[in-house]
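Here is the structure we will look at, set down as structure tokens.
The values are calculated or read from the model by the stated rules, or taken from the named source; none is laboratory data. Bear in mind the structure is a predicted one, so any value in this text is a computation, not a measurement. FYI the Cβ positions are ideal-geometry reconstructions off the backbone, even for glycines, and counts take in every protein chain you see. Quick note on the areas: whole protein, heavy atoms, side chains included, nothing else; ligands and nucleic acids left out. Shrake-Rupley method; radii C 1.70, N 1.55, O 1.52, S 1.80 Å.
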Amino acid sequence: MIPTYRPCIGREELDAVQSIFDSRWLGMGEVTRTFELRLEEFLGARRVVAVDRGTAALHLALDALELQAGDEVIVPSLTFVGTIQAIRLTGATPVFCEVDPATLNMAVQDALGRITDKTRVILPVHFGGLPCEMDKLLHAARMRGIRVVEDAAHAFGSRYNGRMIGTLGDLTCFSFDAIKNITCGEGGAVATDSDELANRIARRRCLGIERAIDPTDPARANWQYRVLSHGFRYHMSDINAAIGLAQLEKFPAFQRRKREIVRRYDDAFAKIEGIEPLRHDLEQTCPWAYVVKVYGNRRDAFRAHLQRHGVATLIQFIPNHLQPAFAQCRVELPVTEQLFRQIVSLPLHAEMTDADVETVIRAVHRFFDPPSRNRRRRGLTQKAEP
Ligand SMILES: *Cc1c(COP(=O)(O)O)cnc(C)c1O
């Protein structure tokens, strides 16, 4: 079975973890700090704070803006549930909006139409690695004093009009879970231009503690610390950071390979009328997902067919406005609901071989141009014979 996603890890990550074991410093320390500095360089971001997962990055970003019950956050319904639970953790209300059918990104005009005097944050999700229309969104938000927090879980390493994702909105949240563009095993990060927000996030990821021990010189550590606010236990460990550092070295190769696969898929599927792949921008982005829309109410049959041919697929995602937990935020989103019946994600990961890619392509072609045409012809012949 060809998996939809798969972490690409090897000797380098194992060696990095071994060196952490040897050092006997497993928690957050020097290596996490180094990972943050490397991410700042890579993204061109002023500040990066590493945390233990993407959901924590989102929660801390929203928490740093001091959201409270009654505040509203405009967010696409079509996202991983972590995005929505992070909003709920602050007490704020998610206001679900539509997505653009060509990209599955926030439909910016629709989002702006949902602004009220309670709107504090607009939260786009850069779906599959392709950034949403940030210029339009940032301009509209700034005019109204609304903050933009980006869920860039899919968009690590992508650019928007030449600018790195991580340098655009007020706060940008990344995930480094097992199947994202790079992995730490589990991990996440918040990037921001604001020292004030970065310092707040860094403190609140560690229980609100202003300064714990100095990880670069534990022997001289001061046992005293001050607790300045509420806080969470969301710090990244050096074990995870070491994996992330090794992955960062490999990112250019991951990106090159995934772009190659997407180009091959796009060529192979261009002439099939029953499906439409989402738009990509291979000059600027690192593709994370390869989503196709299947027309004619055949998505589930398509998935079952691929499964029989050894190709695993996923549906990303179940719209959150349909989930029982968010029933009090229910709205009608006809575009999203229609897309939910059409979308399916095909395998895309950097360790796919050319043979894997051709297996997927052959299975897709066989669904739309099945050998049954021959069978039908045979059937006709048989009927004609007696
Ligand atoms: C993966 C993901 C997250 C959450 O990241 P974790 O590291 O798994 O907590 C958030 N939003 C989106 C869109 C994701 O795909």
If we keep only residues of region 131-156 that are closer than 19 Å to Leu104 by Cβ and in a loop (DSSP other than H, G, I, E, B), then the residue nearest to the ligand (Cβ to nearest atom) is Ala153
Of (1) within 10 Å of the ligand (Cβ to nearest atom); (2) in a loop (DSSP other than H, G, I, E, B); (3) buried (at least 24 other Cβ atoms within 10 Å of the Cβ), Thr183 satisfies all except one. Which? (3)
Select from region 1-20 the residues that are open to solvent by less than 90 Å² (accessible area, probe 1.4 Å) and over 14 Å from Gly185 (Cβ atoms) and list them in ascending order. Ile2, Pro3, Thr4, Tyr5, Asp15, Ser19
Being of a type in the set (D, E, K, R) and either under 21 Å from Phe127 (Cβ atoms) or in the same structural domain as Leu78 (by TED's automatic domain parsing) (or both) is the filter here, so list the residues in region 265-304 that pass it. Asp266, Glu276, Arg279, Asp281, Glu283, Lys293, Arg299, Arg303
Qualifying positions in region 228-244 - open to solvent by 20 Å² or more (accessible area, probe 1.4 Å) and either more than 19 Å from the chain's Cα centre (by Cα) or not assigned by TED's automatic domain parsing to the domain that holds Cys184 (or both): Leu228, Ser229, His230, Gly231, Phe232, Arg233, His235, Ser237, Ile239
Which residue pairs have Cβ atoms under 8 Å apart, sit 6 or more places apart or on different chains, and have a first residue in region 86-111 that is closer than 17 Å to Leu138 by Cβ and a second that is of a type in the set (Phe, Trp, Tyr)? Asn105/Phe127
So which of Gly29, Gly44 ends up being in the same structural domain as Arg205 (by TED's automatic domain parsing), more than 15 Å from the ligand (Cβ to nearest atom), in contact (Cβ under 8 Å) with a residue 60 or more places away in the chain and at positive phi? Gly44
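Conditions (1) farther than 26 Å from Gly113 by Cβ; (2) open to solvent by 10 Å² or more (accessible area, probe 1.4 Å); (3) part of a helix (DSSP H, G or I), marked per residue:
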{"site": "Ile318", "(1), (2), (3)": "no, yes, no"}
{"site": "Val331", "(1), (2), (3)": "no, yes, no"}
{"site": "Phe340", "(1), (2), (3)": "no, yes, yes"}
{"site": "Ser345", "(1), (2), (3)": "yes, no, no"}
{"site": "Ala350", "(1), (2), (3)": "yes, yes, no"}
Answer yes or no: is there a residue in region 159-167 that is aliphatic (A, V, I, L, M) and either in the same structural domain as Leu322 (by TED's automatic domain parsing) or more than 16 Å from the ligand (Cβ to nearest atom) (or both). yes
On the basis of being under 19 Å from Pro319 (Cα atoms), more than 19 Å from the chain's Cα centre (by Cα), surrounded by fewer than 22 Cβ atoms within 10 Å (Cβ to Cβ) and assigned by TED's automatic domain parsing to the domain that holds Phe176, does Arg114 make the cut? yes
Restricting attention to region 110-129, the residues that are touching a Phe, Trp or Tyr at 6+ places or on another chain (Cβ under 9 Å) and within 16 Å of the ligand (Cβ to nearest atom) number exactly 5
Of the residues that sit in region 47-99 and are assigned to a helix (DSSP H, G or I) and away from the ligand (no atom under 13 Å from the Cβ), which one is surrounded by the fewest Cβ atoms within 10 Å (Cβ to Cβ)? Arg88
Does region 258-284 hold any residues that are touching a residue at least 40 places away in the same chain (Cβ under 8 Å), in contact with a helix residue (DSSP H, G or I) (Cβ under 8 Å, 6 or more places away or on another chain) and either aliphatic (A, V, I, L, M) or not in a helix (DSSP H, G or I) (or both), and which are they? Ile261, Ala268, Ile272, Glu273, Gly274, Ile275, Leu278, His280
So in region 168-180, with the set limited to residues that are crowded, with 21+ Cβ neighbours inside 10 Å and among the small types (Gly, Ala, Ser), which one is farthest from the ligand (Cβ to nearest atom)? Gly169
